[in-house]
Structures are given as structure tokens and as C-alpha cells.
């Protein structure tokens, strides 16, 4: 019981309010007062050319943010260590397809870079919602350090990773790529303690108190969260890869809780896809990175109400 008693002391009313902050975030207000730093923009403007380039520039970004007292550094403290660990594992021959893993790792980092760059420039409409919450909470400095880390991990794994997998491709040799994707879980398993130690040393001694009071429980929870998020990302990438526009679930009305997800490159392509069925655009809607352009594609074969 002593561990739970210590946890109750750590999670006082102020901290409990902070934990619920992300659930009540007004996205329209996120980052509204955050100014642009030209040096940070310059660091994030160019796409990452390699895993080494990604790691070096992310480390530079973390150092600058930490020196400025910007809590966006917290996620980067975790992420740069993850990136370095995966890079070393690739170089050591731990993966069956090292070339694919290098593309995977650099592309994954580039999704973070684009989100960070858009937020820093004040182009909030181009920032995915999970990152708007993570960045907004971090720059406000009103949450827990652990919350800053977990919101960033959530955005990067549950949002960015599926898009990364779809972009780099899970075929051919899908089984081999899936095995490499799952092997990262083993690589990261040995990193949780080091991440917590780094967070405690750099930002919050209370992280070490929580670690001591809960024993291995918090490490298990952290690892399970990352593993489940990574498994979910693979399933989403599989759907994005396998659902073609000519299969039955897309072409016919399905009276079941089924959603066909089809990627598209432009608004014109989206309209063409939904109008290439006997049912027009009636059950379809489009989702893009642009909040202003998200909506329902235009119907041409049949109006919604006849």
C-alpha cells in the first residue's frame, strides 16, 4: 500500500487538473500567443536527409528548447534517445531489412519535423490536432513533465506512425517488414528506465519519486502504451495499403459498422473516387491536413437528396 499512498501524495489536486488538461483543450486557442523563433524555424525547414541528420538536428533542437525553458524539449529528450537506439540497432544488424528501417526512421522523424515547423511558424491549421494539443500544453507549461512526454509520444505513435508506414510502404516482403516493425518494441524495452532517469535529471525529480514508489509498474505501463500504439499503427497502414477503390465494400452500400479508408492526393482525385460508384458521394467524407478543406466531396452522379 505504501506505493499507492505515495502516488496519491504525488497526484494532488493541481496535478490531477493538469492530467485532465489535454481532454479539455480548446484547439482554437492553442499556441495563439506563441511567438516564432527564426533559429528554430531554420533548424526545421529542411527535410531530414538521413537518420543521422534527423538525430543531430533533433538533438540541436532539444538543446535550444531546453535552454529557453520551452517544455517542447521534454518529448525530444525521449525521442532523440529512441532515435539513437534504433539507429544503433540498425547499424548492428538487428533488423532483416536495414535499408527499409533507415527510410522508416528518417520518414517518421520528418512527420514530427513538419508538425513542429508548422506550429513554430504559427500555421496552426497545418498542425495535426494531436500535435496541437502536445505542443500547446508544452509551451503553456501548465501540465506535468510526464504529461508533456506522453502527449508527444501519443501524437507521434498513434498519428504519425501509420502515415509513415504507408508512405515508406509495407510491401513487398510484408511479413519481414512487420517483424522488423515489431522488433523495435524489443529495442525500446530497454530504454524506458534511461528515459525516466533523463527526465528526472533534466526536468522533474518527482519522476524519480514516482518510479521508486511504483517499482516496475510505471515502466510496464509506458512500454504497453508504446507497444499497443505501434501495433495499431501497423493495422491502420495495412488498411490504407489494402483497401482499393474497386472492392465491394467501397462500391456498394454496406449496412454494418464498416468504414472504407482510401488515401488520395488531391481534392479532384477524392471527388473522382467517390463518384466512381453507383451511390455518388452520399456516404463519403474527406479528411486532409488542412482543416479548412476537410468535408464532403462533391456529388456528380447523384445529389444527396433526390
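Check the range 89-97 and report whether any residue there is under 22 Å from residue 236 (Cα atoms) and surrounded by fewer than 19 Cβ atoms within 10 Å (Cβ to Cβ).
Within the range 89-97, one or more residues are under 22 Å from residue 236 (Cα atoms) and surrounded by fewer than 19 Cβ atoms within 10 Å (Cβ to Cβ).
Need the failing condition index for residue 114 against (1) farther than 14 Å from residue 52 by Cβ; (2) crowded, with 22+ Cβ neighbours inside 10 Å, just the number.
Condition not satisfied by residue 114: (2).
Just to be sure before I move on: is residue 162 modelled with pLDDT of 90 or more and on the phi < 0 side of the Ramachandran plot in the structure I sent?
Considered against the rule, which asks whether it is modelled with pLDDT of 90 or more and on the phi < 0 side of the Ramachandran plot, residue 162 comes out as yes.
Run down 46, 57, 81, 64 and say which single residue is surrounded by fewer than 22 Cβ atoms within 10 Å (Cβ to Cβ), at pLDDT 95 or above and within 18 Å of residue 160 (Cβ to Cβ).
Working: 46 fails: within 18 Å of residue 160 (Cβ to Cβ); 81 fails: at pLDDT 95 or above; 64 fails: within 18 Å of residue 160 (Cβ to Cβ).
Exactly one residue qualifies, and that residue is 57.
Just for the range 118-131: of the residues that are part of a helix (DSSP H, G or I) and within 27 Å of residue 181 (Cα to Cα), which one is modelled with the highest pLDDT?
Pass one, the range 118-131, residues part of a helix (DSSP H, G or I): 118-121, 124-126, 129-131.
Checking which are within 27 Å of residue 181 (Cα to Cα) leaves us with 129-131.
Details: 129: 91, 130: 92, 131: 95.
Going through the qualifying residues, I end up with 131.
Test residue 142 against the stated conditions and say whether it is in a loop (DSSP other than H, G, I, E, B), assigned by TED's automatic domain parsing to the domain that holds residue 178 and either more than 30 Å from residue 182 (Cβ to Cβ) or in contact with a strand residue (DSSP E or B) (Cβ under 6 Å, 6 or more places away or on another chain) (or both).
yes
The values are calculated or read from the model by the stated rules, or taken from the named source; none is laboratory data. No experiment lies behind these values; they were computed from the predicted model shown. Here the Cβ is made from the backbone with ideal geometry for all residues, glycine too, and neighbour counts use every protein chain on show.
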